[in-house]
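Right, one structure below, let's go through it.
The values are calculated or read from the model by the stated rules, or taken from the named source; none is laboratory data. The shown structure was predicted, so the numbers you read here are calculated from the model rather than taken from an experiment. Positions of Cβ are backbone-derived with ideal geometry, glycine not excepted, and every protein chain shown enters the neighbour counts.
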Amino acid sequence: MSLRGSYSARMDDRNRLKVPAEYRRVFEQSWGQDLFVTSFTGGEVFVYPLSVWAEFEKRLLELPLMDPKRVRIQKVVNFYGKTQVMDGQGRVLIHSPLREKAGIGEEVMVLGYGDFLCVQDAAKVEQEVAASTESDRETLSELWRKP
């Protein structure tokens, strides 16, 4: 199963995101409720099934310990990251430093990226979609034509 499409959602007053029901079903059927919530830039929130994150982390740890790229990536994802468990009502905590850095208000868009979710402020997503370029459409056209 794959996470795709987008759904609007709301953050509650305790910094919890209620994961849309469609995505919750995919998590429950494919990965369970253990998650890693992080960001690579602070501009958005990524919600990974813990098993998916562990596969990425395994590849990252293959880099030499003092490789500057490994150190930078680990520093950023661990600064923003927290291991979470989706509660029985489908809520996930987005801790305050990450929520503030990402500029996430009450209204958010939750986008499915195959095996993880991207959470951004709804207005920011609308701006980014409106700024789609001709080169984006060319890339899509190229991908569509591949056998």
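At a glance:
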read-out: Answer residue from region 112-147, given it is β-branched (Val, Ile, Thr) and under 30 Å from Ile94 (Cα atoms) and is modelled with the highest pLDDT among those; value: Val119
read-out: Residues of region 103-132 satisfying the condition of being in a strand (DSSP E or B), small (Gly, Ala, Ser) and surrounded by fewer than 18 Cβ atoms within 10 Å (Cβ to Cβ); value: Gly114
read-out: Residues that are of a type outside the set (S, T, N, Q) and part of a strand (DSSP E or B), drawn from region 5-17; value: Tyr7, Ala9, Arg10, Met11, Arg16, Leu17
read-out: Flag for Gln29 being farther than 19 Å from Lys124 by Cα and in contact with a helix residue (DSSP H, G or I) (Cβ under 9 Å, 6 or more places away or on another chain); value: no
read-out: Unique residue being in contact (Cβ under 8 Å) with a residue 12 or more places away in the chain and more than 15 Å from the chain's Cα centre (by Cα) when the list is Ile104, Ile94, Ile73; value: Ile73
read-out: Of all residues making up region 138-147, the number that are surrounded by 10 or more Cβ atoms within 10 Å (Cβ to Cβ) and within 24 Å of Ser2 (Cα to Cα); value: 2
read-out: Every residue from region 95-112 that is in contact with a strand residue (DSSP E or B) (Cβ under 8 Å, 6 or more places away or on another chain) and more than 16 Å from Arg24 (Cβ to Cβ); value: His95, Leu98, Arg99, Ala102, Gly103, Ile104, Gly105, Glu106, Glu107, Met109
read-out: Within region 89-102, considering residues that are in a helix (DSSP H, G or I) and in contact with a helix residue (DSSP H, G or I) (Cβ under 9 Å, 6 or more places away or on another chain), the one surrounded by the most Cβ atoms within 10 Å (Cβ to Cβ); value: Leu98
